[in-house]
Amino acid sequence: MKTALSSRLSVLRRQFSVLEECRTNPQLSSVFLRVPRGLRFSLFALLTTIVLIPFSSADVLKIVVNDAIQPVTAEYIGRAIEAAAANHDQAVLIEMNTPGGLVESTRDIIDKIVASHVPVIVYVTPSGSRAGSAGIFILVAADVAAMTPGTNAGAAHPVTLFGKPDETMMKKIENDAAALMRSVAAKRGRNVELAESAVRESKSFTEQESLDKKLIDYVATDEQDLFRQISGKSFKRFDGTAVTLNLTGQAVRSYEMTLKQRILSYIMDPNITLIILLIGAFCLYVEFNHPGAVVPGTVGVIFIVLAAFAMHLLPIRFAALAMILVAFALFAAEAKFASHGVLTAGGIVLLTLGGLLLVDGPIPEMRVHLLTALAVSIPLGIITAFLMTIALRARRNKVVTGEQGLVGEIGIAQTMLAPSGKVFVHGELWDAISAVPVPAGERIVVRQVDGLTLRVDPVTAAKPVMA
């Protein structure tokens, strides 16, 4: 900020020196005075406005993180920090309420905060919010850490969803997380021992405990109260430089997610990802069974692509995807083999387990809920098996159209067949040939279609027709 201010003031000084030269230099003065007075004033006002435009922007850029920490969150925070640096804002305010999230995204956010040229303030708010798991890492890494009354932070021990890694691997994961916490806490001058206990012992702390034990810097009721407490107080940045902020009364500008980020943030909810994936798979199944329908296939491809994009950013178990594919295979097998619902039940079980295991999230908020898996798997399994049964039965039915549809049909001889004549079949009058004479009015059965001529036998002499 000091560098930017100095550069702007130097530009203003150069403007005034140019005007002074125009006034004192006889040649320039004569030219300058020929310019109408109103135009001279407008020109000077325009130059001054251009120089001072950056100072009319907000001095504090605010973003709100109210979700699990994942790649979209890291991108959102990173772009906000870049925007604040480009506008020469005094600070970035991150209002946070998060249950935790992915380790890699957390490290990415910490790297962005540490490298930021603009001081970053992390504020856990409103009351009832938390900086759980990954959230406390981000809180401790901030230039200024603050919490509002009625909030808490901590419980950062690494967790796994299903199964427990061997003791050595679990120790490595824990030590890695603890080392990261010690590193940022020590550099920020916070209570290293307390911060590490949040990782190793899963401890969680209220806002007053965090303040008393020097885990955070301030407890504030709202952002203006926080600005008043910060103003005039010096703090050290990650590179060791001392900075003093004066934010009292400063304007605050909100920085919103882009449309792309909002869409990605929504579909990256594991429950939404599972629903989109299964709807896409179901639509493709319908298209394969009804070629040319177009709409189900188009919708299916769109949903599958969206699900694939979300799964690319989420920690996915590919074995769970295999279970989902096997589930659809069992639904198809139910229609071909008379299992009395056993294969369908097995498919529903596999689909439910595949959905539950699909996302290997470190916190419950980043896993598929059992209710979601059941609500999607049971109806989808029943509908899929039912449609497959109908499709296979339709393929096994006797053809009732075209030439093959006439074979085996019963008609009436309109004239004497000796051996040729006319017969009435399917509401139409046909030329027919019979191997034996058939009196007019007798019933006949079609044996073969030869162009526009039917080969028939009298019903009394007809052999059973195999459908």
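The values are calculated or read from the model by the stated rules, or taken from the named source; none is laboratory data. Since this is a predicted model, take the numbers as computed values, not measurements. Glycine gets a Cβ as well: all are built from the backbone with ideal geometry, and neighbour counts include every protein chain shown.
A few points about this structure:
- Any hit, the stretch 305-325, residues being under 30 Å from Ile69 (Cβ atoms) and basic (Lys, Arg): yes
- Under the condition of being touching a residue at least 40 places away in the same chain (Cβ under 8 Å) and among the small types (Gly, Ala, Ser), the residues counted in the stretch 240-268 number 3.
This table checks each residue for (1) closer than 24 Å to Ser265 by Cβ; (2) without any contact (Cβ under 8 Å) to a residue 24 or more places away in the chain.
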residue: Pro315; (1), (2): yes, no
residue: Leu325; (1), (2): no, yes
residue: Phe331; (1), (2): no, no
residue: Ser339; (1), (2): no, yes
residue: Thr344; (1), (2): no, no
residue: Leu370; (1), (2): yes, yes
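- Count - residues of the stretch 204-232 that are more than 33 Å from the chain's Cα centre (by Cα) and in a strand (DSSP E or B): 2
- Odd one out for Pro379, checked against (1) closer than 20 Å to Asn271 by Cβ; (2) part of a loop (DSSP other than H, G, I, E, B): (2)
- Any chance Lys187 is in the same structural domain as Ile230 (by TED's automatic domain parsing), among the basic types (Lys, Arg) and within 24 Å of Met366 (Cα to Cα): no
- Exclusive hit being acidic (Asp, Glu), at pLDDT 70 or above, surrounded by 12 or more Cβ atoms within 10 Å (Cβ to Cβ) and more than 21 Å from Phe288 (Cα to Cα), set Glu403, Glu409: Glu409
- Every test in (1) crowded, with 23+ Cβ neighbours inside 10 Å; (2) in contact with a strand residue (DSSP E or B) (Cβ under 7 Å, 6 or more places away or on another chain); (3) touching a residue at least 40 places away in the same chain (Cβ under 8 Å) is passed by Gly189 save one, and that test is (1).
So that you can scan it fast, the table gives a plain yes or no per residue for (1) in contact (Cβ under 8 Å) with a residue 60 or more places away in the chain; (2) in contact with an Asp or Glu (Cβ under 6 Å, 6 or more places away or on another chain):
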| residue | (1), (2) |
| --- | --- |
| Ala83 | yes, no |
| Leu93 | yes, no |
| Thr98 | no, no |
| Gly101 | yes, no |
| Glu104 | no, no |
| Ile110 | yes, no |
| Pro119 | yes, yes |
| Pro126 | no, no |
| Gly132 | yes, no |
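- Of the strands (runs of 3 or more DSSP E) lying entirely inside the stretch 68-180, the ones with 3 or more residues being crowded, with 24+ Cβ neighbours inside 10 Å are found at 91-96, 120-124, 144-147.
- Count of residues meeting criterion [surrounded by fewer than 17 Cβ atoms within 10 Å (Cβ to Cβ) and closer than 30 Å to Pro158 by Cβ] in the stretch 366-387: 4
- Among the residues examined, Thr344 qualifies as touching a helix residue (DSSP H, G or I) at 6+ places or on another chain (Cβ under 8 Å), at pLDDT below 85, hydroxyl-bearing (Ser, Thr, Tyr) and in a helix (DSSP H, G or I).
- Here the condition is being part of a helix (DSSP H, G or I), over 24 Å from the mean Cα position of the chain (by Cα), over 22 Å from Glu365 (Cα atoms) and not assigned by TED's automatic domain parsing to the domain that holds Glu104; of Ala322, Ala332, it holds for Ala332 alone.
- Restricting Ser116, Ser133 to those that are farther than 22 Å from Asp59 by Cα, modelled with pLDDT under 95 and polar (S, T, N, Q) reduces the list to Ser133.
- In the stretch 193-205, the residues that are closer than 23 Å to Thr148 by Cβ reach residues that are polar (S, T, N, Q) with C-beta atoms within less than 8 angstrom, at least six apart or across chains, in these pairs: Ala198/Ser204; Lys203/Ser197; Ser204/Asn152; Phe205/Asn152.
- If you go through the stretch 242-289 and keep only what is surrounded by fewer than 14 Cβ atoms within 10 Å (Cβ to Cβ) and within 21 Å of Pro379 (Cβ to Cβ), you end up with just Phe288.
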